[in-house]
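To keep things clear, I will list the structure first and then write my remarks on it.
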């Protein structure tokens with residue numbers, strides 16, 4: 001789980017609007033805290049589908065699963081089992 | 001989906017904006033963040049400052065301050081208020097922006113890179129703007145229902161982006177989360193929707209009654 005979280009954090013460091021002053025906790029909202037916009041989240045979805053060879057069921061397309069580092073990590077763990 | 005190509009003219013004065021407001025139901029203004037190098041919070045009220053505090057990136061802070069400041073200057077003129085500080089805005093629990101004591105005015109804001117689009121309207125409106133560049137969406141394209149485009153060919157990156165902007169604009173118009181509509185086909189029967197390509201660089205979708 002920590003490896004996945006690190007990978008997502010690495011993605012966010014490279015692809016989001018994070019800068020040197022950004023503080024991001026595991027459960028912080030990525031959109032409400034100004035880390036990503038909504039199309040950025042969709043690109044992140046695309047990345048995790050590709051990287052972890054997973055398909056996201058439609059009923060799992062919820063803000064809870066995509067709007068935080070912890071939510072995304074939990075989703076990947078669940079789907080990659 | 002019909003698309004209109006637009007060339008945006010140069011800057012417009014507040015007097016012109018006032019004139020356009022008298023003649024039209026919806027104004028959509030495009031603001032270049034690069035024209036504003038100040039991060040002054042002078043015109044933000046306490047609730048807006050609280051929201052600003054939550055934002056963790058300089059980019060989001062700048063676009064928030066700029067959009068609110070520009071909106072207040074324009075609204076002060078359109079609504080004939082005495083001072084910019086008389087304009088107060090708030091977000092409802094679904095994220096829609098309202099002008100306090102002016103429920104007859106509808107606001108919608110969208111951002112992409114250095115561009116802010118501001119819709120000020122007499123009728124309900126949803127807008128979305130995206131820079132026209134290819135994005136990695138291959139694995140999630142199935143969620144976007146590109147059949148909206150009425151094309152027999154496989155949707156390319158720009159088509160996906162067109163669909164995306166329309167979905168975003170629709171969700172803002174309906175005041176719903178994009179996730180609640182991501183995998184749903186949009187019911188476009190009783191709404192007016194338009195797609196524009198601006199300066200061959202930006203895609204703008206507008207949804208209204």
Efficiency of FRET from Cβ geometry, residue B:101 and residue B:40, R₀ 22 Å, rounded to 0.05:
0.35
Rank the residues B:73, B:196 as a footprinting-exposure proxy: fewest other Cβ atoms within 10 Å of their Cβ go first.
B:73, B:196
Shielding of A:32-45 by partners, i.e. mean partner chain Cβ atoms within 10 Å per residue?
6
Between segment B:186-204 and segment B:95-110, what is the separation of their alpha carbon centroids in Å?
21 Å
Most exposed first by the Cβ proxy, i.e. fewest other Cβ within 10 Å, how do B:31, A:77, B:105 rank?
A:77, B:105, B:31
Fewest first, what order do A:46, A:19, A:37 take by the number of other Cβ atoms within 10 Å?
A:19, A:46, A:37
Quickly estimate the mean residue ellipticity at 222 nm for chain A, helices only: each DSSP H run with n ≥ 4 gives -39500 (n - 2.57), and the total goes over all residues, rounded to 500.
-16500 deg cm²/dmol
Calculated from DSSP H runs of 4 or more alone, at -39500 (n - 2.57) each and per residue, what is the 222 nm mean residue ellipticity of chain B, nearest 500?
-9500 deg cm²/dmol
Give me the distance in nm between label points sitting 7 Å out from Cα along the Cα-to-Cβ direction at residue A:50 and residue A:32, one decimal.
3.0 nm
Once you sort the root eigenvalues of the Cα gyration tensor of segment B:1-100 as a ≥ b ≥ c, which label holds: rounded (a/c under 1.5), prolate (a/b larger than b/c) or oblate (the other case)?
prolate
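No lab work stands behind these numbers, since they all come straight from the coordinates. Since we're looking at a predicted model, the values are computed, not measured. Please note: Cβ atoms are built from the backbone with ideal geometry, for glycine as well, and neighbour counts cover all protein chains shown.
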